[in-house]
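Peer 1: Got a structure for you, questions after.
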Amino acid sequence: MCRNSWLSQKEKRLLEKFEPLIKKLIKARLTGSMVDSEENEQIENLETAYQIQEKVLEGLGNGSVFWKVGSTSEEAQKKLGTDEPGSCRVPGKYCFQNGDQIPIFDTHDVWVEGEFGLRLGSELPPRDQAYSRSEVISAIDGAAAALELVGSRFRSGIANSGRYNVTADCGANIALCIGEIAALSKPSSLKDNPAELYVNEKKVASGSGEKALGDPINVMVWLANQQRRRGGLRAGSVVSTGTCTGLYRVKPGDNIRLSCGIIGNVSASLEKMAITLNS
């Protein structure tokens, strides 16, 4: 169920205040424009930021089983002034497969992250009781190397936008590229699994699953418990669990690749998308 169907009248009135910002964020995602948040559009809390995010996703077409989780490292949380991750569904039009060409707007200051993608073989539905680590592990049936492209639609950039604006802006997601999913039955840990990021065949960063909340599985547990109060997670959902390599700035024309050991590889090429500011 969509979170917006539960909104109280007070919450609906609050969202009306942010309607201009919602429209700007949708337009920026579709056309390459940039957003200056006006003084009367300042977001005051995280729940409002997620409500704005849902409205932006509605405008983009939000039917998807793909998720991203960000701010899963201490460094990222420090930059955004938070002590927890953030989540967002990724619309299908921004999800890609190994070897695809990914169109990007260079106005959005694009960066690439190397991540792990985990797939749920069974549903984690809404409920009052918290999900345990063992329950989430039992639901995971596959893993893949994943590349996430991030960049802010706010002119201030990711680091200077703050947690609430980044959350409203779909977690700064631009695109998600998932490699071939390898069968993974009840994985106990992925913290030691390596991740090596290449741009134009030059290794630019490396890390391991430990950089994502200590273990990508911890990220899945966090998301399951965030979403148990919102709508749950469907079987077949694929979750990109946050950077294990840090960020590296990229541009149209670059070729990007991530190697994740036994989990596999994923690669993509970036192409420039024409800016349509008058749309």
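Peer 1: I'd like the residue in the range 234-268 that is assigned to a strand (DSSP E or B) and of a type in the set (D, E, K, R) and, out of all such residues, is surrounded by the fewest Cβ atoms within 10 Å (Cβ to Cβ).
Peer 2: Arg249
Peer 1: Out of Glu271, Glu196, which single residue is closer than 23 Å to Glu74 by Cβ, outside any helix (DSSP H, G or I) and either of a type in the set (D, E, K, R) or in contact (Cβ under 8 Å) with a residue 40 or more places away in the chain (or both)?
Peer 2: Result: Glu196 is the single residue among Glu271, Glu196 that is closer than 23 Å to Glu74 by Cβ, outside any helix (DSSP H, G or I) and either of a type in the set (D, E, K, R) or in contact (Cβ under 8 Å) with a residue 40 or more places away in the chain (or both).
Peer 1: Give all pairs with beta carbons closer than 9 Å in which a residue from the range 117-131 that is closer than 14 Å to Trp67 by Cβ meets a residue that is of a type in the set (Phe, Trp, Tyr) and in a loop (DSSP other than H, G, I, E, B); count only pairs at least 6 apart in sequence or on separate chains.
Peer 2: Final answer for the pair search is Leu124/Tyr131.
Peer 1: Could you please give the count of residues in the range 188-203 that are surrounded by fewer than 18 Cβ atoms within 10 Å (Cβ to Cβ) and in contact with a strand residue (DSSP E or B) (Cβ under 8 Å, 6 or more places away or on another chain)?
Peer 2: Going through the range 188-203 one residue at a time, the tally reaches 6.
Peer 1: Evaluate the following for Gly99: is it touching a Gly at 6+ places or on another chain (Cβ under 7 Å), at positive phi and in contact (Cβ under 8 Å) with a residue 40 or more places away in the chain?
Peer 2: For Gly99, the condition - touching a Gly at 6+ places or on another chain (Cβ under 7 Å), at positive phi and in contact (Cβ under 8 Å) with a residue 40 or more places away in the chain - is not met.
Peer 1: Here is a follow-up. Within the range 35-52, track down each residue that is surrounded by fewer than 18 Cβ atoms within 10 Å (Cβ to Cβ) and in a loop (DSSP other than H, G, I, E, B).
Peer 2: Asp36, Glu38, Gln42, Glu44, Asn45
Peer 1: Give the range 172-191 a look and list any residue that's charged (D, E, K, R) and modelled with pLDDT under 95, or say none.
Peer 2: Correct list: Lys186, Lys191.
Peer 1: Going by what's in this entry, would Gln53 be described as closer than 15 Å to Ala172 by Cα and under 14 Å from the mean Cα position of the chain (by Cα)?
Peer 2: yes
Peer 1: Further question: How many residues does the range 227-237 contain that are modelled with pLDDT of 95 or more and either closer than 13 Å to Val136 by Cα or among the basic types (Lys, Arg) (or both)?
Peer 2: 7
Peer 1: Restricting the range 144-192 to residues that are of a type in the set (A, V, I, L, M, F, W, C) and part of a loop (DSSP other than H, G, I, E, B), which is nearest to Pro20 (Cα to Cα)?
Peer 2: By that ranking, first place goes to Ile181.
Peer 1: If I ask for residues that are crowded, with 19+ Cβ neighbours inside 10 Å, in a loop (DSSP other than H, G, I, E, B) and touching a Pro at 6+ places or on another chain (Cβ under 9 Å), which ones from the range 63-91 would you list?
Peer 2: Answer for the range 63-91, where residues must be crowded, with 19+ Cβ neighbours inside 10 Å, in a loop (DSSP other than H, G, I, E, B) and touching a Pro at 6+ places or on another chain (Cβ under 9 Å): Ser71, Thr72.
Peer 1: Further question: Among the numbered criteria (1) at pLDDT below 95; (2) touching an Asp or Glu at 6+ places or on another chain (Cβ under 6 Å), which single criterion is violated by Ala159?
Peer 2: (2)
Peer 1: List the pairs whose first member sits in the range 23-35 and is at positive phi, whose second member is assigned to a helix (DSSP H, G or I) and acidic (Asp, Glu), and whose Cβ atoms are under 9 Å apart, counting only residues at least 6 apart or on separate chains?
Peer 2: Gly32/Asp106
The values are calculated or read from the model by the stated rules, or taken from the named source; none is laboratory data. Since we're looking at a predicted model, the values are computed, not measured. A quick note on method: Cβ atoms are made from the backbone with ideal geometry, for glycine too, and the neighbour counts reach across all protein chains shown.
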